[in-house]
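For reference, the structure discussed in these notes is given below.
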Amino acid sequence: MQQRTMDSMSLKIHSFLRNSGVETATSSNLSKLIAYFEREYDLKMMGFLESEWVSEQLDRDLTSGFFAEMRSFVSKDQLGDFDDDVAALRS
């Protein structure tokens, strides 16, 4: 099985902000912007972004990555259990 690289959390944050219409040039601007939203609106931005990041990683790995590759090695009589366990990761 080959190793796969996960997207960085920083990339996820930049992508989120870019999709929100905010251009970020440096990580210090990024930190200030996240701190502003957390302070001003009492939002848990990092928790939200981390949750989104994990969800995206799992979605990718379930369809074409690590878990999809692992699934091919699971015996047919255990596929149901394997699928249930992987689905539990997403909830």
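What the table shows:
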{"item": "So residue 30, is it open to solvent by less than 60 Å² (accessible area, probe 1.4 Å) and at pLDDT below 80", "result": "yes"}
{"item": "Per-region count, the stretch 60-91, residues without any contact (Cβ under 8 Å) to a residue 24 or more places away in the chain, assigned to a helix (DSSP H, G or I) and not β-branched (Val, Ile, Thr)", "result": "17"}
{"item": "Top-ranked residue in the stretch 33-53 [being touching a helix residue (DSSP H, G or I) at 6+ places or on another chain (Cβ under 6 Å) and touching a residue at least 40 places away in the same chain (Cβ under 8 Å); ranked as most open to solvent (accessible area, probe 1.4 Å)]", "result": "53"}
{"item": "Breaking point among (1) at pLDDT 80 or above; (2) under 16 Å from the mean Cα position of the chain (by Cα); (3) open to solvent by less than 50 Å² (accessible area, probe 1.4 Å), for residue 57", "result": "(1)"}
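The values are calculated or read from the model by the stated rules, or taken from the named source; none is laboratory data. Computed from a prediction, not measured in an experiment: that's the story for all the values here. Quick reminder, even Gly has a Cβ in these numbers, built from the backbone with ideal geometry, and neighbours come from all protein chains shown. Surface areas here come from the heavy atoms of the whole protein model, side chains and all, with no ligands, DNA or RNA. Shrake-Rupley method; radii C 1.70, N 1.55, O 1.52, S 1.80 Å.
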